[in-house]
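Presented below is the structure to which this report refers.
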Amino acid sequence: MTDSKYFTTTKKGEIFELKAELNSDKKEKKKEAVKKVIASMTVGKDVSALFPDVVNCMQTDNLELKKLVYLYLMNYAKSQPDMAIMAVNTFVKDCEDLNPLIRALAVRTMGCIRVDKITEYLCEPLRKCLKDEDPYVRKTAAVCVAKLHDINAQLVEDQGFLDTLKDLISDSNPMVVANAVAALSEIAESHPNSNLLDLNPQTINKLLTALNECTEWGQIFILDCLASYLPRDDRESQSICERVTPRLSHANSAVVLSAVKVLMKFMEMLPKDLDYYGTLLKKLAPPLVTLLSAEPELQYVALRNINLIVQKRPEILKHEMKVFFVKYNDPIYVKLEKLDIMIRLASQANIAQVLAELKEYATEVDVDFVRKAVRAIGRCAIKVEQSAERCVSTLLDLIQTKVNYVVQEAIVVIKDIFRKYPNKYESVIATLCENLDSLDEPEARAAMIWIVGEYAERIDNADELLESFLEGFHDESTQVQLQLLTAIVKLFLKKPTETQELVQQVLSLATQDSDNPDLRDRGYIYWRLLSTDPVAAKEVVLAEKPLISEETDLIEPTLLEELICHIGTLASVYHKPPSAFVEGSRGVQHKRLPPRAGSGESTESPDVGQSGPSEAPPAVIPSQGDLLGDLLNLDLAPPTATVPSVQPSMQMGAMDLLGGGLDSLLGGDIGGSPSMGAGLGAAPAAMPASLGGAPAVGGGLGDLFDLGGGVGMPTGSYVAPKTVWLLAMKAKGLEISGTFARRGGIIQMDLSLTNKAMSVMTDFAIQFNRNSFGLAPAGPLQVLTPLSPNQTIDVSLPLSTSGPVMKMEPLNNLQVAVKNNIDVFYFSCQYPLSLLFVEDGKMDRQVFLATWKDIPNDNEAQFQIKDIHLNSDVASNKLQGSNIFTIAKRTVEGQDMLYQSVKLTNGIWVLAEMRIQTGNPNYTWMCWRRPHVRECVSQNDSPVIS
Amino acid sequence: MPVLDITLKDNALIMIHSLFLINNAGDLFLEKHWKSVISRSVCDYFFEAREKAVEPDNVPPVIRTPHHYLINIYREKIFFVSVIQTEVPPLFVIEFLHRVAETFQDYFGECSESTIKDNVVIVYELLEEMLDNGFPLATESNILKELIRPPTILRSMVNTITGSSNVGETLPTGQLSTIPWRRAGVKYTNNEAYFDVVEEIDAILDKSGTTVFAEIQGVIDACVKLSGMPDLTLSFMNPRLLDDVSFHPCVRYKRWESERVISFVPPDGNFQLMSYHISAQNLVAIPVYVKQNISFFETGSSGRLDITVGPKQTMGKTVEGLVVTVHMPKVVLSANLNATQGTYNYDPVTKILVWDIGKLNPQKLPNLKGSLSLQSGAPKPEENPSLNIDLKIQQLAISGLKVNRLDMYGEKYKPFKGVKYVTKAGKFQVRT
């Protein structure tokens, strides 16, 4: 007799009947009744009403009956928690049972009951079970901690279960270790900052040992956990890789893929010239190929991941093209994925094979697959230039088959081929035109119309062809209507004599009879263009078009890196960032590939929140109120971490205190409040930190001194390292970093332009907004060659000071616009005032003395530069390199006093006194001639001292 | 990139939330929830995808719903649909589902709707034992069988008479040791160890008979019934052939890497020792050739078919169990053919022509010839029908792989040992 008999009691009063049976005295009858209850559960019947009766059967010494009751409880404990409490006493008792099976069963079931009230009963039994002599109980209890943590995290922490769990990582039984790791990583994932899985070389070593011994499922947990570890150096990375590679030969494909994830990630750290790197690459191919002989569902997930791997490291599978050949009985979802990977692997070496295959697929039955195969031929043509001709002839062959959807797909891709290789394959247009009537899909119609318009001068009857489309203009989709409008305008511009009527017709159809705003707008624009200036219209409409790029469907590099870190997950199947999948408290940490050791290969990208100040956008201007607060709070102690954010505030705040216009300044009341002095004193300290990213201010300054070169040698002015001015994410992939320099009396703006987009950038130009000192480009931005993706180009732009003047806040702010073929981008940056110190700034001694006396006290400012251990001569020399000239020196009471002069490009003189106290290395600059410049000078001077 | 309209609920630990078993007709006949009960209406998304896919094989394995993911496999005409709420490695879930299907097969002899329904309580016990709160617990058949005894006709009779149970009273011994795949205290009167080297040829041949692609998927299945704790070593004459291998967890990988021998303490009973994959084209022999001509006439709604099969590289062995399957275009209504050997059958519903040839006689090559009639008025079919070949060659591993010797350590008795070879066609396809 089979269990199907339990399904037969479907008559009325079933629950009632079961109730009676459950309460029967006979053990056999009880057991049968529980089985019937379970059978009902399997088909989704609600038998929760029987809860008390089933729980009553629990107190039995019959193991089978007990297990059945537990089976029932586990199903309903979550939905009927209040009733589950009735069973708590039995649970607690069972946790003490002699049979480890029952102990484990009890602790396991208790963990499923999600009620706060029950957790207090759970703690003691759980504690015992975590230390149980039997590993079966311990491993069950480990999972139970994670369950309890999900219900009441605080309780788990208070009770010290987390520590016990961590201890279990060192358990003698590998299965216990695996479960402890799994539980810990689950808990850690829901609390990203808890630092629970404190991964250090010791724990990693334990995990690697456990990896060899635990079950396949445990291996997956351990490997996933390893993947989140960041090895200290390439040697550690290699040693982990060495111990993980045997997993590639595991029969469980999930283990294999998790191992691939670890290797792909850690490989990033290995130097490419290392022998082991090559070995590892070779080892990765066979397991990936093997995954493709597994069940189709596994193949699908594997293929989605291989798609990522191929984009990241094409070299791994470049010789394995054939395994991606499609078998006719592959499920469609496998076929489509294989096709995609075939295109990615296509190269000049294997293109013949690939094309032969694709042609084969184009005659298959499945319409979706055939379409994709035809498109793939087009993609091959665009990707491998040498194959373009063969691809085109293959496509023509396919068009000859006259199979409707094949023809339409072929025309769509031929359009793209024209866009990639203009003026090369136009001979086929005649063949295409023959199929005009069979096109019924908008995309294909639009493509055909585009071709006719683009090559109107070569198609004798282009006007007739386009006219034929015009008849049903209003029934066409927007895509086709827009294309038709453009094509007819092109035709008109090429053959104006015969087509005037046609263009009138389409313009009126588009502007007067259409409800579509896009269509109307485009119609009006063409109309206006054509009526006002046909020559300009020709230039606009028939302008040379940029070529389409090779791979349009590549995953964006930062996303790709993140997905590589998530190989084997749902994110990797959908090729979407993991943050798109998880909501709620489980914060998603963006995982990144580790940087490669010993190479300058940059893995930085604009959206990485690097902590260094150089990454901060240069033009952050905090609100005024905060500024003053910051100012007042700053004392002379070296500011540390807060410095970068304070720096811009200094300038703003100080400017505000001093009040505005050029004219009012001389006689202006500057207040001279003590807080200001303090603020100014801090300013020079802030500056180098923000420029050089040096953590310690003093150290930063010291470095700056060193930068200036040898002692006593007057050298060029100080040049700050480049900082990022324009983030790629804000500028469609263009990243600009730069700095200013004064070389041989010429002011230069040094720029690094980086293309982080997918397409080539050209046509660069630059312009400045009006600024305080009239800085303007002295020539055009010289970017001669197009900037290809991932390329960086360094340009030096000479600047003049003859541009229009407008006072900026802060004074040294510069607003810049950069244009390329994509768009115009704006950013602002600040230049060091020392840039403006001219070479002939050495004032005559007498004039100096006279001027010095004339300076009103109010125009004075002082500040200190801390921790600079230079004597006055060295300092004087260094400053001269930046056109700060020492006019006189005297020594008073063991202090060296330097008197210095500076002249700005706009003729303003600045006079300074510098006091160097031996033993107490403080510099005090004072007495600036022009207070409005003073602030900037003082802030900008610290680096200049070097 | 469109914003995903779906997010997974933050729900720690639960890997697989629920499992639904659905038959080919779309009846949901079993559900199991490891956490709270999820309404079976979630399967509507699956049914939608199922309908869209037309063929059951084409249902996508991962389906997105607003609040869950459905990961499913299709085995033995049953869909195993699991419900996922957290970011879980999909392969993990798919592997687990296959393991469930294999366990059912192992326990009930076959994995079908009726056997599952007949053993629903055992099924439930198994599912509970295999997954703790959505977390794989015991998936090794040896361990499971000690926890939950498989039903046998004898035992269910005995159970009904004596009232004894099918639940193991004690903890499985394997759980405690570091070799979880083997139970302690195994005892046999006849100690024997058999190994089957089974190779399948996956190949695509083009019209002219040239190999487009060919590879060998090999497995070594073992049936080991040895007492005690035997430690076995299996070595090959030509281990160099094997560069892409996957092993049962019992195999010591280090020894394989250094010495190219397979050293292991075997599980008790049947298991797959290893699988391997040979893709080097020159190593893959193609045992038969097919000469075929299937053509359709422009007019008259008819076509011709002519297929001959002959031996190619058979290494002197006989090709048996030869079957040619042709997937005809939809417009083919019937076939009027003549086979010189074997029998043919054309199913007008599935459009599949099956020609069962049997043994291949190299002296008299089998031929199938005749006419095809098409739906009248229908255009000439565009697609080319594809041929599938099935065959078997006994006592041959087509790659040439040979077992050298099997040694046993750790036990005193002399076991009986045997190795068998067989080559089969896997996905062996001929394009026309």
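The values are calculated or read from the model by the stated rules, or taken from the named source; none is laboratory data. These numbers come from a predicted model, not from an experiment. All Cβ positions, even for glycine, are placed from backbone atoms using ideal geometry, and neighbour counts span all protein chains on display.
Points to keep in mind about this one:
- Residue, nearest to A:VAL323 (Cα to Cα), within the stretch B:292-309, restricted to residues that are in contact with a Gly (Cβ under 9 Å, 6 or more places away or on another chain) and in a loop (DSSP other than H, G, I, E, B): B:PHE297
- Residues in the stretch B:102-121 that are within 23 Å of B:VAL37 (Cβ to Cβ) and at the interface with another protein chain (Cβ under 10 Å from one of its Cβ atoms) were compared, and the one that is surrounded by the fewest Cβ atoms within 10 Å (Cβ to Cβ) is B:LYS117.
- The one condition in (1) modelled with pLDDT under 75; (2) surrounded by fewer than 18 Cβ atoms within 10 Å (Cβ to Cβ); (3) under 30 Å from A:GLY744 (Cα atoms) that A:ALA888 fails to fulfil: (1)
Residue-by-condition table, conditions (1) within 21 Å of A:ASN812 (Cα to Cα); (2) assigned to a strand (DSSP E or B); (3) of a type in the set (Val, Ile, Thr):
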site: A:GLY738; (1), (2), (3): yes, yes, no
site: A:ALA741; (1), (2), (3): yes, yes, no
site: A:GLN748; (1), (2), (3): yes, yes, no
site: A:MET758; (1), (2), (3): no, no, no
site: A:LEU781; (1), (2), (3): no, no, no
site: A:LEU784; (1), (2), (3): no, no, no
site: A:PRO789; (1), (2), (3): no, no, no
site: A:ASP794; (1), (2), (3): no, yes, no
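- When the stretch A:899-920 is filtered for residues that are surrounded by 17 or more Cβ atoms within 10 Å (Cβ to Cβ) and either at pLDDT below 70 or hydrophobic (A, V, I, L, M, F, W, C) (or both), the ones remaining, listed by number, are A:VAL902, A:LEU904, A:TRP909, A:VAL910, A:LEU911, A:ALA912, A:MET914, A:ILE916.
- Restricting attention to the stretch A:133-150 and to residues that are at the interface with another protein chain (Cβ under 10 Å from one of its Cβ atoms) and more than 18 Å from A:GLY218 (Cα to Cα), the residue that is surrounded by the most Cβ atoms within 10 Å (Cβ to Cβ) turns out to be A:HIS149.
- Residue, farthest from the other protein chains (Cβ to nearest Cβ), within the stretch A:53-66, restricted to residues that are surrounded by fewer than 22 Cβ atoms within 10 Å (Cβ to Cβ) and touching a Leu at 6+ places or on another chain (Cβ under 9 Å): A:ASN56
- Residues of the stretch A:875-885 satisfying the condition of being hydrophobic (A, V, I, L, M, F, W, C) and at pLDDT 75 or above: A:LEU879, A:ILE884, A:PHE885
- Residue within the stretch A:262-277 that is at the interface with chain B (Cβ under 9 Å from one of its Cβ atoms) and modelled with pLDDT under 95 present: no
- Test: A:LEU308 is in contact with a helix residue (DSSP H, G or I) (Cβ under 6 Å, 6 or more places away or on another chain), buried (at least 19 other Cβ atoms within 10 Å of the Cβ), modelled with pLDDT of 90 or more and more than 27 Å from A:LEU560 (Cα to Cα): no
- Filtering A:ALA346, A:ALA302, A:ALA376, A:ALA362 for residues that are at the interface with chain B (Cβ under 9 Å from one of its Cβ atoms) and either among the aliphatic types (A, V, I, L, M) or within 19 Å of A:GLU409 (Cα to Cα) (or both) leaves a single hit, A:ALA302.
- Among the candidates A:ASP515, A:ASP553, residue that is free of Cβ contacts under 8 Å to residues at least 12 places away in the same chain, more than 14 Å from chain B (Cβ to nearest Cβ) and of a type in the set (Asp, Glu): A:ASP515
- Some residue of the stretch B:383-390 being more than 14 Å from chain A (Cβ to nearest Cβ) and not hydroxyl-bearing (Ser, Thr, Tyr): no
- Taken together, A:VAL370, A:VAL392, A:VAL413 contain a single residue that is assigned to a helix (DSSP H, G or I), within 14 Å of chain B (Cβ to nearest Cβ) and modelled with pLDDT of 85 or more, which is A:VAL370.
- Of the residues making up the stretch A:728-748, not a single one is at pLDDT 80 or above, of a type in the set (S, T, N, Q) and surrounded by fewer than 18 Cβ atoms within 10 Å (Cβ to Cβ).
- The set of residues in the stretch A:278-299 that are more than 12 Å from chain B (Cβ to nearest Cβ) and in contact with a helix residue (DSSP H, G or I) (Cβ under 8 Å, 6 or more places away or on another chain) comprises A:LEU280, A:LEU281.
- Qualifying positions in the stretch A:527-559 - among the charged types (D, E, K, R) and in a helix (DSSP H, G or I): A:ARG528, A:LYS538, A:GLU539
- Test result for A:ILE429, assigned to a helix (DSSP H, G or I), within 40 Å of the chain's Cα centre (by Cα) and either more than 30 Å from A:VAL503 (Cβ to Cβ) or more than 14 Å from chain B (Cβ to nearest Cβ) (or both): no
- Filter result (among the basic types (Lys, Arg) and free of Cβ contacts under 8 Å to residues at least 60 places away in the same chain) within the stretch B:74-130: B:ARG75, B:LYS77, B:ARG99
- Matching residues in the stretch B:122-133 - criterion: being more than 7 Å from every other protein chain (Cβ to nearest Cβ) and either more than 16 Å from B:PHE20 (Cβ to Cβ) or not β-branched (Val, Ile, Thr) (or both): B:ILE122, B:LEU126, B:LEU127, B:GLU129, B:MET130, B:LEU131
- Screening the stretch B:277-291 for residues that are assigned to a loop (DSSP other than H, G, I, E, B) and within 14 Å of another protein chain (Cβ to nearest Cβ) and picking the one that is modelled with the lowest pLDDT gives B:ALA280.
- Residue ID - surrounded by the fewest Cβ atoms within 10 Å (Cβ to Cβ), chosen from residues in the stretch A:443-484 that are outside any helix (DSSP H, G or I) and polar (S, T, N, Q): A:ASN461
- Considering B:ASP206, B:ASP196, B:ASP231, B:ASP221, the condition of being modelled with pLDDT under 90, surrounded by fewer than 21 Cβ atoms within 10 Å (Cβ to Cβ) and acidic (Asp, Glu) is satisfied by B:ASP206 alone.
- All positions within the stretch A:210-261 that are in contact (Cβ under 8 Å) with a residue 60 or more places away in the chain and either more than 8 Å from chain B (Cβ to nearest Cβ) or farther than 25 Å from B:VAL100 by Cβ (or both): A:ALA227, A:SER228, A:LEU230, A:PRO231, A:ASP233, A:ASP234, A:SER237, A:VAL260, A:LYS261
- Taken over the stretch B:385-424, residues that are part of a loop (DSSP other than H, G, I, E, B), crowded, with 16+ Cβ neighbours inside 10 Å and over 26 Å from the mean Cα position of the chain (by Cα) amount to 1.
- Counting the residues of the stretch B:29-55 that are more than 8 Å from chain A (Cβ to nearest Cβ), without any contact (Cβ under 8 Å) to a residue 40 or more places away in the chain, part of a helix (DSSP H, G or I) and farther than 15 Å from A:ASP46 by Cβ gives 10.
- Tally of residues being within 15 Å of B:VAL123 (Cα to Cα), of a type in the set (D, E, K, R) and at pLDDT below 85 across the stretch A:30-80: 2
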